[in-house]
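A.B. asks: Structure below; questions to follow.
The values are calculated or read from the model by the stated rules, or taken from the named source; none is laboratory data. Computed from a predicted model, the values in this text were never measured in an experiment. We place every Cβ from the backbone using ideal geometry, glycine too, and count neighbours over all the protein chains shown. Heavy atoms of the whole protein, side chains included, go into the accessibility calculation; ligands, DNA and RNA do not. Shrake-Rupley method; radii C 1.70, N 1.55, O 1.52, S 1.80 Å.
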Amino acid sequence: MTGEVAVLGAGMHPWGKWGRSFVEYGTVAARAALADAGLDWRDVGSVVGADTVRGGYPGYVAGATFARALGWQGARVTSVYAACASGAQAVGTARAQILAGLADVVLVVGADSAPKGFFRPAGGDRADDPDWLRFRVLGATNPTYFGLYARRRMAVHGDTPEDFARVKVKNSAMGALNPYARYRKRVTAEEVAASAVVADPLRLLDICATSDGGAALVLSSMDFARRHGVAEPVRIRAVSTVTPRYPNTVLDLPDIATDSSVAVPPPDETFRASIARAAYEEAGVGPEDLSFAEVYDLSTALELQWYEDLGLCGEGEAAKLLRDGVTALGGRIPVNSSGGLASFGEAVPAQAIAQVCELVRQLRGEATDRQVEGARVGVSANQGLFGHGSAVIAVR
């Protein structure tokens with residue numbers, strides 16, 4: 001186990017399609033997090049920004065961009081990028097700075113202004129770039145991979161399109177209660193089935209949208225939190241940012257082929273399962289200790305896969321867990337009480353930070369109608385391109 005850091009503040013800009021700069025969203029979220037922490041911007045010793053590739057040069061140096069927007073005051077700045085895992089990497093960087101004694105208070109910020117429709121590859125010709133290749137050679141957008149994952153679950157575990165629809169129904173019910181969500185309307189299974197097919201068997205309502213949004217956290221040392229009068233803050237106990245092990249025998253975005261296992265046997269666990277295991281080992285807890293979880297439901301089928309990768313059930317048992325109501329609000333282990341990506345859409349560098357914001361609200365008992373009763377331990381999990389795994393465990 002490593003040392004813990006305190007979460008003093010959490011703030012967000014509502015998700016949507018607002019048509020403004022990511023800097024505005026991140027600044028609003030940062031000021032909300034500082035207000036929640038009861039701190040002044042000048043109390044911050046370091047800023048860690050999660051980068052966006054859609055904001056021009058300011059997006060590539062997000063830490064400095066947000067520090068400038070808030071007003072230069074001499075704080076350290078760091079900018080990190082790890083695709084969908086950028087926010088968790090930023091949290092991990094901030095925690096490391098605090099535990100190393102480089103700063104008492106660190107502001108973590110991520111925000112995005114996303115295009116309409118599917119994400120596109122970055123411009124230019126790069127024949128050695130797997131992300132460029134999957135678009136140019138296969139024409140494989142993100143939903144193509146989501147459809148492949150869903151088909152695999154149907155073939156291997158017997159999941160059905162009706163199971164996938166149940167995920168959307170569950171998440172939309174919780175997202176309808178979240179003031180920061182983009183989609184605040186309950187959805188029925190019939191509406192999912194009636195939506196357009198995007199990547200068979202997945203329909204439009206099975207796949208998350210691309211969104212604008214921003215999220216921020218104020219982290220501090222435990223000593224600073226006590227001096228600030230917060231005796232029992234929410235604490236981050238683990239941040240897992242592990243990479244895959246060779247050979248990877250299950251196709252993963254953005255790759256167009258798996259590794260050969262002729263000479264080297266495959267690892268005992270999948271990449272996503274290793275992300276969770278590393279977090280559990282660092283935190284000194286197991287899946288049986290969890291009160292709730294926030295997972296990266298890029299598609300409804302992927303949420304089911306996360307149930308198994310987090311150890312909430314055995315392999316192939318995710319659909320039964322869902323059908324039995326175990327992952328719904330009021331169930332044994334609610335998943336995506338925020339409403340998940342199904343309700344937010346994806347604002348890439350902000351999303352993993354938003355997941356931790358939900359952990360904080362639940363552990364403080366501030367989630368109102370979405371509150372998980374008796375929440376004590378929460379985990380967030382996601383995966384970014386090119387082997388960026390991330391999971392955060394927070395406790396109260």
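A.B. asks: Looking at (1) without any contact (Cβ under 8 Å) to a residue 60 or more places away in the chain; (2) under 22 Å from the mean Cα position of the chain (by Cα); (3) open to solvent by 40 Å² or more (accessible area, probe 1.4 Å), can you tell me which one L102 breaks?
C.D. replies: For L102, the exception is condition (2).
A.B. asks: May I pose another question? Give S338, S343, S380, S390 a once-over and let me know the one that is part of a helix (DSSP H, G or I), of a type in the set (S, T, N, Q) and buried (at least 24 other Cβ atoms within 10 Å of the Cβ).
C.D. replies: Just one listed residue meets the conditions, S343.
A.B. asks: Quick one: in the range 115-169, of everything that is β-branched (V, I, T) and in a helix (DSSP H, G or I), which residue is most open to solvent (accessible area, probe 1.4 Å)?
C.D. replies: V156
A.B. asks: Still on this model: Only one residue in D212, D223 is farther than 23 Å from D324 by Cα and open to solvent by 40 Å² or more (accessible area, probe 1.4 Å), so which one is that?
C.D. replies: D223
A.B. asks: Search the range 252-286 for residues being polar (S, T, N, Q) and either over 21 Å from Y145 (Cα atoms) or at pLDDT below 95 (or both), and hand back the single one that is surrounded by the most Cβ atoms within 10 Å (Cβ to Cβ).
C.D. replies: Here the residue is T270.
A.B. asks: Go through the range 170-180 and count every residue that is in a helix (DSSP H, G or I) and surrounded by fewer than 24 Cβ atoms within 10 Å (Cβ to Cβ).
C.D. replies: Residues meeting the conditions: 2.
A.B. asks: Within the set of pairs 6 or more residues apart or between chains, which connect a residue that is farther than 29 Å from P179 by Cβ and of a type in the set (D, E) inside the range 313-338 to a residue that is open to solvent by 30 Å² or more (accessible area, probe 1.4 Å) and not in a helix (DSSP H, G or I) with Cβ atoms less than 6 Å apart?
C.D. replies: If the second residue must be open to solvent by 30 Å² or more (accessible area, probe 1.4 Å) and not in a helix (DSSP H, G or I), no pairs are left.
A.B. asks: Name every residue in the range 97-115 that is among the small types (G, A, S) and farther than 14 Å from L217 by Cα, in order of residue number.
C.D. replies: Hits for the range 97-115 are A100, G101, A103, S113, A114.
A.B. asks: Here is a follow-up. Which one of A90, A96 is under 22 Å from T65 (Cβ atoms), out of contact with any Ser or Thr (no Cβ under 9 Å at 6 or more places or on another chain) and not aromatic (F, W, Y)?
C.D. replies: Criteria check complete, one pass: A96.
A.B. asks: Now a separate question. Pairs needed: first member in the range 342-357, at positive phi; second member anywhere, open to solvent by 10 Å² or more (accessible area, probe 1.4 Å); C-beta distance under 7 Å; at least 6 residues apart or different chains.
C.D. replies: What qualifies is G345/R182; G345/C208; G345/A209; G345/T210.
A.B. asks: Still on this structure, please answer the following. Please go through the range 227-251 and give me each residue that is over 30 Å from V5 (Cα atoms), in contact with a Phe, Trp or Tyr (Cβ under 9 Å, 6 or more places away or on another chain) and surrounded by fewer than 18 Cβ atoms within 10 Å (Cβ to Cβ), ordered by number.
C.D. replies: V250, L251 - these are the residues of the range 227-251 that are over 30 Å from V5 (Cα atoms), in contact with a Phe, Trp or Tyr (Cβ under 9 Å, 6 or more places away or on another chain) and surrounded by fewer than 18 Cβ atoms within 10 Å (Cβ to Cβ).
A.B. asks: Ok, one more. So, in the range 319-335, how many residues would count as being part of a helix (DSSP H, G or I) and more than 13 Å from P287 (Cβ to Cβ)?
C.D. replies: 4
A.B. asks: State the number of residues belonging to the range 288-301 that are in contact (Cβ under 8 Å) with a residue 40 or more places away in the chain, open to solvent by 20 Å² or more (accessible area, probe 1.4 Å) and assigned to a helix (DSSP H, G or I).
C.D. replies: 1
A.B. asks: Residues being open to solvent by 20 Å² or more (accessible area, probe 1.4 Å) and among the small types (G, A, S): count how many of those fall in the range 302-324.
C.D. replies: 3
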